[in-house]
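Below is one structure, written out as structure tokens; comments come after it.
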Amino acid sequence: MATHALDTLPLRSGQMQMQSADVGDLTPDQLRDLYRMLANVRQLDRDAVAWQRQGLIPGYAPMLGQEAAQVGAGFGVDKTRDFIFPTYREMGVAYTVGVNMVEYMSTHKAIWHGGLYDPGATHFAPFQAVVGGSVLHAVGWAHGQTLNGQTLNGTAVVTGGAASVSTTGLGVGLAFLGDGASSQGDVHEAMNFAAILKAPVVFFVQNNGWAISVPTEQQVAGGSVAARAAGYGMPAVQVDGNDVLAVLDATRRAVAHARAGLGPVVVEAMTYRRGPHSTSDDPGRYRTLEDEKTDGGEDPLNRFRAVLLADNVADSAFFAVADADAQARADEIRDGVVALESRPGSEMFDFVFQESTPTLGAQARQWREESEHV
Ligand SMILES: Cc1ncc(C[n+]2csc(CCOP(=O)(O)OP(=O)(O)O)c2C)c(N)n1
Ligand SMILES: [Mg+2]
């Protein structure tokens, strides 16, 4: 199989600080915006856990500790032509690309599957609780970008299938998956197909150390998801997932590679799930607070704050305002979530396929008879 040389993709591995990450084009305003996003996401995540404890929402999957990985990744895509395929833990990515967070939280309020926002308009797919499911969808969508001579934004593609190379750039699918999902058979099939078809997709793995209660070393043979990419002839980068600028840099490079028609890339952001797997989980049953302190590493927000202070991009007054604004924004979102009303149950049959099928029609009829007695 032809390999895609790493030198076509100047991705770098390992720890990258602001000085080494190639994000020199970011203006001070953009750097401050990045901090605001981290702060907003941190606050909203913490509040969502509180909402669950208060009985406002029945469940939530916290992303505490993964803020830099998610904001960096979301900031690295082109929202007008790329498409994001999240799991159930990508609240920070959704926020970064501008998804309406009340509509996002509708799933956690259990009134809708996958979010009330419009995936077509936001380029953010309904969120996915089936482990590995997002990866299959991303590859399918990305392969579609190389067919029919059209990409999402109307850019012409030279030919369909494996040989296709766009002259001005393809829309890129950004598939989110966890370390645990990488052990799923579907993910192997998706990566293999993507590499064969040269689908413009970036497999963005957040290796947060855990698949519920199972640590990475007990479920990722070889210890690295990025290392597996070589077997599919794909370039990969393992990046410090707690460094927002390093993640942004890696995402941009990976997206550029895929956009150029050179095929898929794996980005493995090394991070740590600081909270429980979900609000139903008790991590005390499989790790200690001491483990969390040792393994969690440096807090991604503190880290970026120190960089901005050292580079005189922000001062303590800026952080005070940003943190207060984050609380105000989370409060506004809470008001919206409180006001969210149940959707008609029959709607669950409406958006499964563009055109309904006889089986689905029969299920919908049966549901109506049993639930609404009509
Ligand atoms: C196909 C499938 N198998 C099992 C589960 C149960 N499950 C939910 S989350 C999870 C672990 C996923 O771990 P990882 O991919 O590392 O993502 P993380 O939760 O750490 O973000 C499992 C096994 C599921 N939802 N779907
Ligand atoms: Mg995990």
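The values are calculated or read from the model by the stated rules, or taken from the named source; none is laboratory data. Bear in mind that the values here come from a model prediction, so they are computed numbers and not experimental data. Counting neighbours? That spans all protein chains shown, and the Cβs are built from the backbone with ideal geometry, glycine included. We work out accessible area using only protein heavy atoms, side chains counted, and drop any ligands, DNA or RNA first. Shrake-Rupley method; radii C 1.70, N 1.55, O 1.52, S 1.80 Å.
Computed from point charges on the beta carbon alone (+1 for Lys and Arg, -1 for Asp and Glu), the dipole magnitude for the chain about its Cα centre is near 500 Debye.
Which FRET efficiency, nearest 0.05, do residue 130 and residue 332 yield, Cβ-Cβ r, R0 35 Å? For R0 = 35 Å, the calculated efficiency reads 0.65. Multiplying the residue separation of residue 349 and residue 372 by 0.36 nm and removing their Cα-Cα distance gives an extension gain of 6.8 nm.
In this structure the chain gives 44 Å² per residue of accessible area when probed at 1.4 Å with all protein chains present. Here the chain has 53 percent of its accessible surface on carbon and sulfur atoms, given a 1.4 Å probe and all protein chains in place.
Taking the centroid of alpha carbons for each part, region 78-140 and region 249-293 are 17 Å apart.
Given a 1.4 Å probe and the protein chains as shown, residue 316 ends up with an accessible area of around 90 Å². Once the mean of 1/r is taken over each pair of separate Cα atoms and inverted, region 182-232 shows a Kirkwood hydrodynamic radius of 11.9 Å.
Whole-Å semi-axes of region 6-343's equivalent ellipsoid, largest first, each the root of 5 times a Cα gyration tensor eigenvalue?
The three semi-axes for region 6-343 are 29, 22, 21 Å.
Regarding region 95-140, what's the average projected area of the Cα-atom convex hull, expressed in nm²?
Reported value for the Cα convex hull: 3.4 nm².
The mean sequence distance of close C-alpha pairs (under 8 Å, at least 6 residues apart), as a share of the length of the chain, puts its relative contact order at 23 percent. Eigen-decomposition of the gyration tensor built on the alpha-carbon atoms of region 292-374 gives equivalent ellipsoid semi-axes of 50, 18, 13 angstrom, largest listed first.
Within the chain, the longest segment free of exposed loop sites, counting GluC sites (Glu not before Pro) that fall outside DSSP classes H, G, I, E and B and have at most 14 other Cβ atoms within 10 Å, spans 1-297. Each 5 Å bin, from zero up to the one with the longest distance, holds this percent of the alpha carbon pairs of region 37-150: 2, 12, 21, 24, 21, 11, 5, 2, 1, 0, 0. Here residue 198 is the anchor, and the lysines within straight C-alpha reach of less than 30 Å, apart from those fewer than 8 places off in the same chain, are 79.
Rounded to the nearest 10 square angstrom, residue 198 shows an accessible area of 60 square angstrom against a 1.4 Å probe. Remark: the residue 110-residue 282 segment gains 59.8 nm on full extension, using 0.36 nm per residue and subtracting the alpha carbon distance.
Calculated mean residue ellipticity, 222 nm, the chain: -12000 deg cm²/dmol, from DSSP H runs (n ≥ 4) at -39500 (n - 2.57) each, averaged per residue and rounded to 500.
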